[in-house]
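The values are calculated or read from the model by the stated rules, or taken from the named source; none is laboratory data. This structure is a prediction, so every number in the text was calculated from the model and none was measured. Positions of Cβ are backbone-derived with ideal geometry, glycine not excepted, and every protein chain shown enters the neighbour counts. The accessibility values were calculated without ligands, DNA or RNA, using every heavy atom of the protein model including side chains. Shrake-Rupley method; radii C 1.70, N 1.55, O 1.52, S 1.80 Å.
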Amino acid sequence: MRSNILKIKGFYLSLVICLIPIILSLVFYDKMPDMVVTHWNFKNEPDGFSPKWAVVFLIPAILFALNILVWFAVNAEPKKQGINRNIKSIVLWMLPVMSVIVQCVIIMFSVKGINLVRFVPMLIGILFIIIGNYLPKCRQNFTMGVRLPWTLASEENWNRTHRLAGKLWIIGGLLMTLYTMIEMHMIFFIAVVFVMTLIPAIYSYTLYRKGI
């Protein structure tokens, strides 16, 4: 009973956090231009713009709806007992927190001309390091982890794949933070994410071919 109450309180708190971007935007609304930068290219230069009303209301509304979907998907998971508690917390709170951070980045650039977008990969890298640390402790489920036909069909395959993925995600996260500090090309960041995703999948399939 107490656990359900905490879940409900956490859910409503996440909704409140998702509304913070709208409140922040309204505070600086008069200082924001009619067309606001919402996308930066590989060199962290502005190359995409959205109407101010969309930045203030539409984008936060989409993230608000996605947050509801994530909470529903995680809590409706048939094998939720296999999800590591720490990873579950990260997944549930990641979207609300990132929505506030991203909105702050957009507002700071549009109002003060301060470009903080280059620090977003560092935050993502830290997130990968944290998740990578707990990934090997995550048991079979249909919502989180390396969810492939072979990992879901074999517990041994799942465990071995996630032990490897955990190490790769920690290494990848460290490389992402390095990317932020020395300002490498964005392609490096994308390549790191690609390798972190591809190698565990290939390894899992290799185990499957061996009968594991």
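Near the amide H of Trp40, under 5 Å away, which other amide H atoms are found, from residues 5 or more places off or on another chain, if H is placed in the peptide plane?
Counting only residues 5 or more places away or on other chains, the set is Asp47.
Report the Stokes-Einstein translational diffusion coefficient (µm² s⁻¹, integer) for the stretch 11-134, Rh taken as the Kirkwood radius over Cα pairs, at 25 °C with viscosity 0.890 mPa s.
D = 156 µm²/s.
When N counts the residues of the chain, how does its alpha-carbon radius of gyration compare numerically with 2.2 N^0.38 Å, as a ratio?
Values: Rg = 19.4 Å, N = 212, 2.2 N^0.38 = 16.8 Å.
For the chain, the normalised Cα radius of gyration comes out at 1.15.
For every helix of n ≥ 4 consecutive DSSP H residues, a contribution of -39,500 (n - 2.57) applies; sum these over the chain, divide by its total residues, and give [θ] at 222 nm rounded to the nearest 500 deg cm²/dmol.
It comes out at -23500 deg cm²/dmol, rounded to the nearest 500.
How much of the accessible area of the chain, probe 1.4 Å, is carbon plus sulfur, in whole percent?
70 percent
Just the number please: accessible area per residue for the stretch 1-92, 1.4 Å probe, all protein chains included, in Å².
63 Å²
Using θ = phi - 60° and the Karplus curve 6.51 cos²θ - 1.76 cosθ + 1.60, what whole-Hz ³J(HN,Hα) does each residue of the stretch 23-36 get, with Gly and Pro shown as x?
For the stretch 23-36, the Karplus-derived couplings read 4, 4, 5, 5, 4, 9, 4, 5, 8, 7, x, 5, 10, 10 Hz, x marking Gly and Pro.
Report the residues of the stretch 119-135 in range of a label on Leu178: point 7 Å along Cα→C-beta, backbone N strictly under 15 Å from it.
122, 125-126, 129
Given a Förster distance of 25 Å, report the FRET efficiency between Tyr12 and Phe142 from their Cβ-Cβ distance, rounded to the nearest 0.05.
0.45
Can you give the relative contact order of the stretch 1-143 as a percent, counting alpha carbon pairs under 8 Å and 6+ residues apart?
31 percent
On alpha-carbon atoms, Rg over Rh for the stretch 74-183 using Kirkwood Rh?
On the Cα set of the stretch 74-183, Rg over Rh gives 1.07.
Can you flag which of Lys9/Lys137; Lys43/Lys137; Lys7/Lys210; Lys80/Lys167 are past 30 Å Cα-Cα? Walk me through the intermediate numbers first.
Values: Lys9/Lys137 26 Å; Lys43/Lys137 37 Å; Lys7/Lys210 42 Å; Lys80/Lys167 23 Å.
In this structure, Lys43/Lys137; Lys7/Lys210 exceed 30 Å between Cα atoms.
Between the stretch 140-212 and the stretch 72-103, what is the separation of their alpha carbon centroids in Å?
Taking the Cα centre of each part, the stretch 140-212 and the stretch 72-103 sit 19 Å apart.
Short version: ³J(HN,Hα) in whole Hz for each residue of the stretch 148-155, in order, from phi by Karplus 6.51 cos²θ - 1.76 cosθ + 1.60 (θ = phi - 60°), x for Gly and Pro, what are they?
Result, rounded to whole Hz: 10, x, 6, 6, 6, 8, 9, 5.
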